[in-house]
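Here is the structure we will look at, set down as structure tokens.
The values are calculated or read from the model by the stated rules, or taken from the named source; none is laboratory data. Here the structure is a predicted model, which is why all the values come from computation and not from measurement. Backbone-built Cβ (ideal geometry, glycine too); neighbour counts: all protein chains shown.
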Amino acid sequence: MADISVTDSNQYLTFMLGEEGFAIEISRVREVLDFTDLTKVPRTPDYMRGVINLRGNVVPVVDLRLQLGMTAVEKTVDTCIVIVEVEIASDMLHIGMLADSVQEVVDIDSNQIEPAPRLGTRLKTDFIKGMAKRDEKFNIILNIDKVLSGDDLLMLSSAQIEETAVA
């Protein structure tokens, strides 16, 4: 079996992006919000959809589908923003992720998790912690720190840190 990091919790929040099921450790989820208007930040990449005001704090919101190379999220009644805690440059920051819908919190035992598929040497799959088989389908368990890392997020997160320090 490949290197799968086992956490203290085996609970995961499951959500949908298109027709695919995904999961992240519930310990990283701070809250789930209904979709709200976003303030677009100029000169940011397409996947950076904007920022929201969350109890006086600026929180960047990422279209997770675009970040993963899928088509953009289309707003429906089920579209939501999942606020997660992410480690970027040794700081723990809150970032919003757009999801088509949130499903449920589930228990997934480590023996139900298969390693990330090997897709050749050119395709990076380090953002996948593993694949959890549930009801004849797979949920892709994301390594949220790897998915939501990058220079653009680091720039916005630096602004978030500065604003928190000023407040």
Mind checking which pairs have a first residue in the range 35-63 that is at positive phi and a second that is surrounded by fewer than 20 Cβ atoms within 10 Å (Cβ to Cβ) and assigned to a strand (DSSP E or B), Cβ under 8 Å, 6 or more apart or different chains?
Gly50/Thr39
Using the structure shown, decide if Asp135 is at pLDDT below 80 and either farther than 30 Å from Asn57 by Cα or in contact with a helix residue (DSSP H, G or I) (Cβ under 6 Å, 6 or more places away or on another chain) (or both).
yes
Can you name every one of the strands (runs of 3 or more DSSP E) wholly within the range 13-82 that holds 3 or more residues which are more than 22 Å from Ile140 (Cα to Cα) and out of contact with any Gly (no Cβ under 6 Å at 6 or more places or on another chain)?
48-54, 57-63
Out of curiosity, is Glu87 in contact with an Asp or Glu (Cβ under 9 Å, 6 or more places away or on another chain) and modelled with pLDDT under 95?
yes
Among the residues listed as Thr71, Thr121, Thr79, the single one being of a type outside the set (Asp, Glu), modelled with pLDDT of 90 or more and surrounded by fewer than 13 Cβ atoms within 10 Å (Cβ to Cβ):
Thr71
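Each row is one residue, and each column tells you yes or no for (1) crowded, with 17+ Cβ neighbours inside 10 Å; (2) over 15 Å from the mean Cα position of the chain (by Cα); (3) farther than 20 Å from Gly18 by Cβ.
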{"residue": "Val29", "(1), (2), (3)": "yes, no, yes"}
{"residue": "Val32", "(1), (2), (3)": "no, no, no"}
{"residue": "Thr36", "(1), (2), (3)": "no, yes, yes"}
{"residue": "Asp46", "(1), (2), (3)": "no, yes, no"}
{"residue": "Arg49", "(1), (2), (3)": "yes, no, no"}
{"residue": "Arg55", "(1), (2), (3)": "no, yes, yes"}
{"residue": "Val61", "(1), (2), (3)": "yes, no, no"}
{"residue": "Leu64", "(1), (2), (3)": "yes, no, no"}
{"residue": "Gln67", "(1), (2), (3)": "yes, no, no"}
